[in-house]
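Below: one structure, written as structure tokens.
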Amino acid sequence: MSRATISLPRTVAAHAVLLTYTVIALFPVVVIIINSFKSRNAIFRTPLTPPTAETFDLIGYATVLNQGDFLLYFQNSFIVTVASLFFVLLFGAMAAFALAEYRFRGNTLMGLYLALGIMIPIRLGTVAILQLMVASGLVNTLTALILVYTAQGLPLAIFILSEFMKQVSDDLKNAGRIDGFSEYRIFFRLVLPLVRPAMATVAVFTMIPIWNDLWFPLILAPSEATKTITLGAQLFIGQYVTNWNAVLAALSLAILPVLVLYLIFSRQLIRGITSGAVK
Amino acid sequence: MAVDIPHRRRTRWHIAVFLAPAVLVYTAVMILPLFGTLQLSLFTADDQSRVFAGLDNFRRLFFDPRWSATFWNALWNNTWFFIIHMLVQNPIGIALAAILSSPRLRFSAAYRTVIFVPTILSFVIVGFAFKLILSPLWGVAPNLLDLVGLKSLFTPWLGKEEYALTTLGLISVWQFVGIPMMLIYAALLSIPDEVVEAAECDGITGMAQFWKIKLPLILPSIGIISILTFVGNFNAFDLIYAAQGALAGPNYSTDILGTFLYRTFFGFQLQTGDPYMGSTIASMMFFIILAGVCVYLFVVQTRLRRYQF
């Protein structure tokens, strides 16, 4: 690959711009996290310095862990996210396989129908969704959230997965058919393992908005037993708004799990985006 | 996509089995409620019973002074929110992507990973974090301005009517700049080397190369990020709710359609919830988003030339 030589000033300028933006992107997160480990006085006197031996204080975390039911909220978020993710991936992959593999009447129409939800947000149907959940007695249950998030995640999952399923070799599937595999077995045994990387991409895309959503937990499941971590943090921070230690600790507790998961999966996520899965 | 011929004769039940779960959940929880909401907007409550009202709800929303002022305010604020994203978020995203995609740039994976961090955080975290940082009680923002000698510029931005919405818009830009950056970055990577090399042979390098060669080639991706921004903005709620509460203060200056819908439908303080007017607002949001998507599909996308390499 021969390229025109890149001048040194240009490289320096590029790094300067990127570094500046990196600082802008990280600064608020870092300020919140370092201050959550400091005593109240130090938070106000020297907000921009990391905690030292004298200013180190875990009082905020103690308050959060004693007062809020953060463990329960965390568990709720976890159940909702994992269950929705499971259904989105299973149902989404099945539908994507049907659309990509078989030619049948209405195939294109069905594809368009299922793609509608990529552009039209499910939130606009909230009034009728709440009525539906009230009628079926699902208000204040995690099931309601799982149903809504499954419906929300399906359109994009089907769209992305069917693109990938079209690339799976026909010879392989036909070899399976000659060996007497049923269509179900071909799907679960031959095709699913081959699209695993695409499934991982879809999983990350589906997971982030579900974990972070505030709207549906607020409307469909605001009871104490079903609060998710996002809603729990929102209410907790609202109550303790003058207790800066507690607020900063709660924010840090909400940031850290997502941040750690992101750093583990970032390679997968970025590869998914740049491989053109969402073009 | 080969389908074996003998199967043709029989009903292929497996297709139905594969499609059924997704179609059922999607239809029951998404499509039917969407149309249910559109339908509800045509009704009103009269002594606990539902009465057909035609387009009265829309008439109230547009012309009844009790509703129209709030509605037009929210619509205008939402439009301004969108304009900020288009003018700030997307150019910054494109610029970052252009720099990141320059060949032999070291640490580009690390930059990419870090710049995307805000996008994965929840609105609640972002809203409160900035509320604290911009708070006049806590000296972070004034201290920072002091470092560059601009302390006199500091005001409690989130608390002033004239600045609050723009500030929130910029916070949202901070959070989401990673998305246009990633999509444009992907588009820039897919430009084949031959095209770039041909440009270099003709002496077009650096900025000129970006404007004349690369930008026209990534226009379809810019179209996609514009429509994604549009849908996301006219459906926004969480950030405003987390930072300013359901009343979208100060004095409704940060009220957008999402918070207006929440207050109307769910009720707030003395006001009781009204599902019918809530549906009307949701329907308006639906029509606005639908109009945007149609403009994109039928006007923008058909005019853009796609290059096949």
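The values are calculated or read from the model by the stated rules, or taken from the named source; none is laboratory data. Quick caveat: nothing in here was measured; it's all calculated off a predicted structure. Glycine gets a Cβ as well: all are built from the backbone with ideal geometry, and neighbour counts include every protein chain shown. Remember, those area values only see protein heavy atoms, side chains included, never the ligands or the DNA or RNA. Shrake-Rupley method; radii C 1.70, N 1.55, O 1.52, S 1.80 Å.
For the criterion of being modelled with pLDDT of 85 or more, closer than 25 Å to B:Ala97 by Cα and within 12 Å of chain A (Cβ to nearest Cβ), B:Ile227 passes. Would you be able to say whether some residue in the range A:254-262 is over 16 Å from the mean Cα position of the chain (by Cα), closer than 25 Å to A:Ser39 by Cα and crowded, with 23+ Cβ neighbours inside 10 Å? No: the range A:254-262 contains no residue that is over 16 Å from the mean Cα position of the chain (by Cα), closer than 25 Å to A:Ser39 by Cα and crowded, with 23+ Cβ neighbours inside 10 Å. I'm trying to understand the selection: among the residues of the range B:152-164, which are without any contact (Cβ under 8 Å) to a residue 40 or more places away in the chain, under 18 Å from B:Phe130 (Cα atoms) and not aliphatic (A, V, I, L, M)? Correct list: B:Phe154, B:Thr155, B:Pro156, B:Trp157, B:Tyr163. Of all residues in the range A:32-61, those satisfying the criterion of being among the β-branched types (Val, Ile, Thr), within 14 Å of another protein chain (Cβ to nearest Cβ) and either under 10 Å from A:Asn245 (Cβ atoms) or touching a residue at least 60 places away in the same chain (Cβ under 8 Å) (or both) are A:Ile32, A:Ile33, A:Ile43.
If you filter the range A:1-23 down to residues that are open to solvent by 50 Å² or more (accessible area, probe 1.4 Å) and facing chain B (nearest Cβ under 7 Å), you find that the one that is modelled with the lowest pLDDT is A:Met1.
Annotation note: Cβ proximity below 7 Å between a residue of the range B:33-51 that is over 17 Å from B:Gly273 (Cβ atoms) and in contact (Cβ under 8 Å) with a residue 24 or more places away in the chain and a residue that is of a type in the set (Phe, Trp, Tyr) and crowded, with 19+ Cβ neighbours inside 10 Å (sequence gap 6+ or interchain) occurs for B:Leu38/B:Phe286. Can A:Gly125 be described as at the interface with chain B (Cβ under 8 Å from one of its Cβ atoms), touching a residue at least 12 places away in the same chain (Cβ under 8 Å), surrounded by 20 or more Cβ atoms within 10 Å (Cβ to Cβ) and not β-branched (Val, Ile, Thr)? Criteria not met by A:Gly125. When we screen A:Val82, A:Val88, A:Val64, A:Val29 for residues that are surrounded by fewer than 19 Cβ atoms within 10 Å (Cβ to Cβ) and either among the β-branched types (Val, Ile, Thr) or closer than 13 Å to A:Asn245 by Cα (or both), the only hit is A:Val82. I'd like the full set of residues that are within 7 Å of chain B (Cβ to nearest Cβ) and either free of Cβ contacts under 8 Å to residues at least 60 places away in the same chain or not acidic (Asp, Glu) (or both), limited to the range A:77-109. Residues satisfying the conditions are A:Phe91, A:Gly92, A:Met94, A:Ala95, A:Phe97, A:Ala98, A:Tyr102, A:Arg103, A:Phe104.
Considering the range A:140-158, and only residues there that are of a type outside the set (S, T, N, Q) and open to solvent by 50 Å² or more (accessible area, probe 1.4 Å), the residue that is nearest to the chain's Cα centre (by Cα) turns out to be A:Leu156.
Evaluated against (1) open to solvent by 30 Å² or more (accessible area, probe 1.4 Å); (2) modelled with pLDDT of 80 or more; (3) more than 8 Å from chain B (Cβ to nearest Cβ); (4) closer than 29 Å to A:Ile59 by Cβ, A:Ser223 falls short on exactly one condition, (4). Would you pick out the residues in the range B:43-71 that are of a type in the set (Phe, Trp, Tyr) and open to solvent by 60 Å² or more (accessible area, probe 1.4 Å)? Of everything in the range B:43-71, those that are of a type in the set (Phe, Trp, Tyr) and open to solvent by 60 Å² or more (accessible area, probe 1.4 Å) turn out to be B:Phe52, B:Phe63.
Are there any helices (runs of 4 or more DSSP H) wholly within the range B:237-309 with 1 or more residues that are open to solvent by 60 Å² or more (accessible area, probe 1.4 Å) and among the aromatic types (Phe, Trp, Tyr), and if so which?
By residue number, B:257-266, B:275-294.
Residues in the range A:183-204: is at least one touching a helix residue (DSSP H, G or I) at 6+ places or on another chain (Cβ under 7 Å), part of a loop (DSSP other than H, G, I, E, B), of a type outside the set (Gly, Ala, Ser) and away from every other protein chain (no Cβ under 11 Å)? Within the range A:183-204, one or more residues are touching a helix residue (DSSP H, G or I) at 6+ places or on another chain (Cβ under 7 Å), part of a loop (DSSP other than H, G, I, E, B), of a type outside the set (Gly, Ala, Ser) and away from every other protein chain (no Cβ under 11 Å). For beta carbons closer than 8 Å, sequence separation of 6+ or different chains, a first residue in the range B:192-204 that is within 16 Å of B:Ser101 (Cβ to Cβ) and modelled with pLDDT of 85 or more and a second that is open to solvent by less than 50 Å² (accessible area, probe 1.4 Å) and assigned to a loop (DSSP other than H, G, I, E, B), the qualifying pairs are B:Glu200/A:Ala4.
Pick from A:Leu161, A:Leu112: which is within 11 Å of chain B (Cβ to nearest Cβ) and either surrounded by fewer than 21 Cβ atoms within 10 Å (Cβ to Cβ) or not hydroxyl-bearing (Ser, Thr, Tyr) (or both)?
Going through A:Leu161, A:Leu112 in turn, the sole match is A:Leu161.
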